[in-house]
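Written below as structure tokens is the structure these notes are about.
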Amino acid sequence: MAHKNPTTSKRRAPFLIAGILIIAVAIGAAVLLSHPSENTDSLPVEVSVEEAAKLRDEGAFILDVREDYEWAEGHIPGSTLIPLNELPDRLAEVPQDQLVVVVCRSGNRSQAGRNILLDAGYSKVTSMAGGVSAWSIRGYPIISGP
């Protein structure tokens with residue numbers, strides 16, 4: 001039986017470790033890229049106020065996930081209010097065959113709302129960066145009241 005040279009094994013170890021790391025990174029990337037909640041219609045996960053306004057003008061469903069009192073203070077004309085905490089129970093009110101832009105006051109809750117919809121199987125959904133505050137600052141129309 002041939003005797004193994006321990007020096008040769010030690011020289012191969014870094015290559016073996018590097019190979020294992022490359023395989024692990026490749027598997028991790030494949031898992032991330034195939035996550036079922038990723039947007040499959042090539043929509044970015046978040047759009048600018050200007051892009052959201054364009055999408056609204058083209059017929060997108062604007063979903064406002066703020067609270068009632070925030071909505072009454074001012075909202076995007078034509079938008080629909082479903083507070084974030086109610087969204088999981090009111091998914092039937094959000095069209096699946098229409099592009100959906102989720103908005104909130106500053107852009108944080110809209111990301112959570114977008115993710116709820118993506119996880120529920122919606123594929124044409126994005127959120128608006130900056131929220132209704134940024135919408136208003138940029139001079140887009142806001143209406144108040146119920």
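Observations
- Across segment 61-85, the number of residues qualifying as under 18 Å from the mean Cα position of the chain (by Cα) and open to solvent by 20 Å² or more (accessible area, probe 1.4 Å) comes to 3.
- Within segment 117-146, if we keep just the residues that are among the β-branched types (V, I, T) and buried (at least 19 other Cβ atoms within 10 Å of the Cβ), the residue that is nearest to A52 (Cα to Cα) turns out to be T126.
- Test result for A53, open to solvent by less than 60 Å² (accessible area, probe 1.4 Å), modelled with pLDDT of 95 or more and not β-branched (V, I, T): yes
The values are calculated or read from the model by the stated rules, or taken from the named source; none is laboratory data. All values reported here derive from a predicted model rather than from experimental measurement. Every residue, glycine as well, gets a Cβ built from its backbone with ideal geometry; the counts of neighbours run over all protein chains shown. Quick note on the areas: whole protein, heavy atoms, side chains included, nothing else; ligands and nucleic acids left out. Shrake-Rupley method; radii C 1.70, N 1.55, O 1.52, S 1.80 Å.
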